[in-house]
Amino acid sequence: MPPTDQVSVRKAVPADHDDVSRLSRSVDELHRESLPWMFRVPDVEPRPRAYLESLLGRDDAVVYVADAIGADGLVGVAFGLMRAMPAFPVFVQQRYGVLDGLVVDDAWRRRGIGKQLVQAVESWALDLGAQWLEMNVYEFNVEARRFYDALGYGALSTKLSKRPVPNGNE
């Protein structure tokens with residue numbers, strides 16, 4: 001495979017839809033395998049072309065993709081969003097970025113592509129006035145947690161859940 005210096009990161013265009021969907025499906029499958037009570041095989045295309053086009057047309061969203069010489073299609077994708085703190089008196093009013101999704105093709109991992117994609121989203125968000133960036137990572141995804149730790153991301157809060165026991169049986 002070509003070295004990482006033959007990889008370029010750019011903003012997505014509508015023609016990237018099929019590759020963005022293909023890459024995103026791999027994350028969907030990982031989530032289904034690890035949390036089948038939460039994720040399922042969808043009955044429809046979860047990210048139709050209109051969805052990508054709507055993201056590309058928004059000022060508060062961005063999609064970056066990674067092209068690699070010698071690859072059969074895109075090798076990575078990252079989704080970014082801008083958010084604002086709730087209009088509630090206890091919050092400091094500020095904007096922040098959300099890394100809403102990141103996928104690098106299995107065959108292209110550990111080459112710095114994910115880092116390039118994250119940095120692109122970070123730069124975009126900071127240029128729009130973000131005070132910080134955040135993302136959600138499921139606890140089962142140890143590999144992703146290590147990756148984000150290495151990039152300097154740490155826990156901001158912990159989201160806990162409990163599945164009720166049916167009929168009171170334990």
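Miscellaneous remarks
- GNM flexibility winner over the chain from 89, 36, 46 (Cα, springs under 10 Å): 89
- When the stretch 4-154 is reduced to its Cα atoms, the Kirkwood hydrodynamic radius in Å: 16.4
- Mean Kyte hydropathy of -0.5 or more with a Cα span along the axis of at least 20 Å, helices from DSSP in the chain: 113-127
- Eligible lysines near residue 11 by straight Cα distance, threshold 18 Å, same-chain separation 8 or greater: 115
- Fewest-first ordering of 27, 44 by other beta carbons within 10 Å of each residue's beta carbon gives 44, 27.
- Separation of the residue 27 and residue 132 label points, Cα + 7 Å toward Cβ, nm: 2.1
- Considering only 85, 133, 150, and ranking their Cα positions along the charge dipole of the chain that arises from unit charges at the beta-carbon of Lys, Arg, Asp and Glu, the one farthest toward the positive end is 85.
- When the charge dipole of the chain is built from unit charges on Cβ atoms (+1 for Lys and Arg, -1 for Asp and Glu) and taken about the Cα centre, the candidate among 160, 123, 46 whose Cα reaches farthest toward its positive end is 160.
- Pairwise label distance in nanometres, residue 6 with residue 90, each label 7 Å out on the Cα-Cβ vector: 5.5
- Dipole magnitude of the stretch 4-154, debye to nearest 20 (Cβ charges: Lys/Arg +1, Asp/Glu -1, about Cα centre): 260
Throughout, read-outs are computed from the coordinates displayed, never taken from laboratory work. Owing to the predicted nature of the structure, the values given are computational and were not obtained by experimental measurement. Reconstructed Cβ throughout: ideal geometry from the backbone, glycine too, with neighbour counts over all protein chains shown.
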